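The values are calculated or read from the model by the stated rules, or taken from the named source; none is laboratory data. What you see is a predicted model, and the numbers here were worked out from it, not measured in a lab. Neighbour counts are summed over all protein chains in view; Cβ atoms, including those assigned to glycine, are modelled from backbone coordinates with ideal geometry.
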Amino acid sequence: MDCCKVIVEKSPAQIADSAICGTCRNKARKVARITVEHILRNECQNEIRDTQYYFCAEPNCDVIYFSNETKQYFTKKDVRVRVGLKETQDPITICYCFDHTLVSAREEIARTGRSTVASSITAEIKAGRCACEVKNPSGRCCLGEVNKAVTALLKEQVVPVMERHDSEASKAVSGISSIPECMICEV
């Protein structure tokens, strides 16, 4: 440790404020530097500082990563990939490691009445083939968000199926609660 370095302690309020997006005023989650490095476009790489970055998950905010400490805000135009939760036009990515989109999940549900997206991702995770930290803009496992998206898509399908009053209705509804959760990432 450098004996001349002055360590400045932050108050709990300052720490909390560092996680608030200055654009939308919502609380954000910490994101690892390696995630920021892999997701930012090449022309933004020199702007990365030795600081804690945060991922803004607010769908209506253009900010992807920020650091209030260095007053940096990286927006949708600064990243290599489309950030699914901030997009309204297809394709909307729900899994960055294995290229699942809302469209592909919706098509599978329309075709089969169920989704294998979460189970296929779980199998890939167990096989050690995920790279969420460097492929997912949030730096986190996508399985929790995939489960929410698939559940919503299945619920969209339940109404028409239930109106038919056939045995497929119970299959569609039972599929909602049988979506696995990520045991490795604790999602």
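Points to keep in mind about this one:
- Among the residues of segment 25-47, just one is closer than 16 Å to K77 by Cβ and assigned to a loop (DSSP other than H, G, I, E, B), namely R41.
- Residue among Q72, Q14 that is more than 28 Å from K148 (Cα to Cα) and at pLDDT 95 or above: Q72
- Residue satisfying condition, being surrounded by fewer than 18 Cβ atoms within 10 Å (Cβ to Cβ) and among the polar types (S, T, N, Q), within set T112, T122: T112
- Of the residues making up segment 27-65, just one is in contact with a helix residue (DSSP H, G or I) (Cβ under 7 Å, 6 or more places away or on another chain), within 21 Å of E145 (Cα to Cα) and among the charged types (D, E, K, R), namely D62.
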